[in-house]
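Encoded as structure tokens, the structure appears first; notes follow it.
The values are calculated or read from the model by the stated rules, or taken from the named source; none is laboratory data. Everything numeric here is computed off the predicted structure, so don't read it as measured data. Cβ: placed from backbone, ideal geometry, glycine included. Neighbour counts: every protein chain shown. In case anyone asks, the SASA skips ligands and DNA or RNA and just uses the protein heavy atoms, side chains included. Shrake-Rupley method; radii C 1.70, N 1.55, O 1.52, S 1.80 Å.
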Amino acid sequence: MYDVVIVGGGAAGFYAAIHIAEDRPDLKIAILERGKEVLNKVKVSGGGRCNVTHAEFNPKELASNYPRGEKELLGPFHNYATGDTIHFFEKRGITLKIEEDGRMFPISDSSQTIVDCFTSEARRLGIETIKICTVTGLEFVTTKSEDYWKIATSNKSINTKRLLLCTGSNTKIWNLLTELGHTIVPPVPSLFTFNIKDNRINNIPGLSTYAEVSVLDNKKHFRDNLTMQDEVLSSEGPLLITHWGMSDPAILKLSAWGARLLESYNYQFKIKVNWVPNIILMDYWNCS
Ligand SMILES: Cc1cc2nc3c(=O)[nH]c(=O)nc-3n(C[C@H](O)[C@H](O)[C@H](O)COP(=O)(O)OP(=O)(O)OC[C@H]3O[C@@H](n4cnc5c(N)ncnc54)[C@H](O)[C@@H]3O)c2cc1C
């Protein structure tokens, strides 16, 4: 019987396990991971550099950057925020640096530093990491003497007093949670680039600039009948022309803030790009 089992060997699973083990060294803790390796996403994060956190120290400001969950995150950010994250890594010999735009990376500029930190800390604190172990079922068992979770996995059944799910966007786990009576808000894509088939950008992939981009109201205006006013969402920042359309923060921010709106447009919408925000030099693009 474990005291705590954490399902999912990603950033969330390791960060949680390490904090629990530090606070309660007496507990028997395990991380269950379905893959052959743990922390795969951390490895590729931030273009291989891992953008660990952002230099925003005011909880209210920090929460305001979350398109959904701003209200819910405010309380937790008052308990644990950017300063605590920086301290967590500093305590373990990892210094983070702040880039011009506020993003914070390890000074090594390598996500492996973060992966190594998590895995060596887990080892040091006696956290068991069980790989190639897919969780397939969860059952809450009540007996006269104790209550516990019975976890069905691809290899064996595991019992634990406390269960923490850090499985990211795994729909099978969401289905298990639904069976247990939880409600799952249907997810939609976020942080995606825009597909644009347009001769004007066919020959310039790789070109990067700073622009202001707005999504136009699909309900008021159909694709070719637009006025400048009908913006429903806009953002400003670096914009990259890609082989398939447009990317970079100006676009990614729109896809995050507009995740539900763009889904309601069935991902067929028009954007307006102002290429020189201070002067106003704009044109229109159909996205899909
Ligand atoms: C290309 C890319 C770059 C990114 N860059 C950054 C960045 O620089 N900074 C940043 O903050 N974020 C970045 N992100 C986002 C960040 O990687 C994720 O938000 C974060 O890794 C999510 O961590 P997690 O632990 O919640 O989920 P995950 O990393 O998805 O971990 C979940 C784990 O659970 C395991 N699992 C799932 N189901 C089961 C099961 N049934 N049984 C057992 N195990 C299971 C999975 O195999 C996985 O290892 C990036 C994402 C991508 C894709």
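Kindly list the residues of the stretch 97-128 that lie in the label zone of Lys161, defined by a backbone N under 18 Å from the point 7 Å along the Cα-to-C-beta vector.
126-128
Return the calculated 222 nm mean residue ellipticity for the chain, to the nearest 500 deg cm²/dmol, obtained by summing -39500 (n - 2.57) across DSSP H runs with n ≥ 4 and dividing by the residue count. Walk me through the numbers before you get to the answer.
Values: 9 runs with 85 residues, N = 288.
Computed mean residue ellipticity for the chain: -8500 deg cm²/dmol.
At 1.4 Å probe radius, can you tell me the per residue accessible area of the chain in Å²? List each step's numbers first, then the result.
Details: 16510 Å² over 288 residues.
Per residue, the chain has 57 Å² of solvent-accessible surface.
Between Ile130 and Leu281, what is the FRET efficiency for a Förster distance of 51 Å, r being their Cβ-Cβ separation, to the nearest 0.05?
Details: r = 57 Å, r/R0 = 1.12.
After rounding, the FRET efficiency stands at 0.35.
Using a 7 Å offset from the Cα along the Cα-to-Cβ direction at both Lys197 and Arg123, what is the distance between the two label points in nm, to one decimal?
The two pseudo-label positions are separated by 5.2 nm.
Can you compute the FRET efficiency between Asn65 and Thr143 using 1/(1 + (r/R0)^6), with r the Cβ-Cβ distance and R0 = 30 Å? Round to the nearest 0.05.
Details: r = 46 Å, r/R0 = 1.53.
That pair, Asn65 with Thr143, gives E of 0.05.
Above 18 angstrom, tally the Cα pairs of the stretch 133-210 and express them as a % of all pairs, no decimals.
Taking all Cα-Cα pairs of the stretch 133-210, the fraction more than 18 Å apart is 60 percent.
What's the ranking of 159-169, 109-119 by average number of surrounding C-beta atoms within 10 Å, highest first?
On the way: 159-169: 16.2, 109-119: 18.8.
Per-residue mean Cβ counts within 10 Å order the peptides as 109-119, 159-169.
Could you work out the percent of alpha carbon pairs in the stretch 194-287 separated by over 21 Å, rounded to a whole number? Before the final figure, lay out each step's value.
Details: 1063 of 4371 pairs.
Summing the P(r) tail past 21 Å for the stretch 194-287 gives 24 percent.
Between Val232 and Asp116, with labels modelled 7 Å along Cα→Cβ, what's the label distance in nm to one decimal, could you check?
4.8 nm
State the answer as a single residue: which of Met246, Leu165, Phe192 lies farthest towards the positive end of the charge dipole of the chain, with beta carbon charges of +1 for Lys and Arg and -1 for Asp and Glu, about the Cα centre.
Leu165
Based on the Cβ-Cβ distance of Arg24 and Asp84, what FRET efficiency does E = 1/(1 + (r/R0)^6) give at R0 = 22 Å, to the nearest 0.05? All intermediate terms of the calculation are to be shown ahead of the outcome.
Values: r = 18 Å, r/R0 = 0.83.
So the FRET efficiency works out to roughly 0.75.
How many percent of the alpha carbon pairs in the stretch 39-126 exceed a separation of 23 Å?
Details: 1086 of 3828 pairs.
Across the stretch 39-126, Cα pairs with separations above 23 Å total 28 percent.
Could you run the Debye sum over the Cα atoms of the chain, one equal point scatterer each and no solvent, and tell me log10 of I(q)/I(0) at q = 0.17 Å⁻¹, two decimals?
-1.39
Show me the ranking of peptides 30-39, 205-214 by mean Cβ neighbours inside 10 Å, starting with the highest. All intermediate terms of the calculation are to be shown ahead of the outcome.
Working: 30-39: 19.2, 205-214: 15.8.
Put in order of decreasing packing, that is 30-39, 205-214.
Output the Cα-based Rg and Dmax of the stretch 17-83 in Å, rounding Rg to one decimal and Dmax to a whole number.
Looking at the stretch 17-83, its Cα Rg and Dmax stand at 15.6, 39 Å.
Contour minus end-to-end for Thr171 and Ser264, with contour as 0.36 nm per residue of separation and end-to-end as the Cα-Cα distance? Present the calculation step by step, with values, prior to reporting the outcome.
Working: separation 93, 0.36 × 93 = 33.48 nm, distance 2.13 nm.
31.3 nm is the gain from fully extending Thr171 to Ser264.
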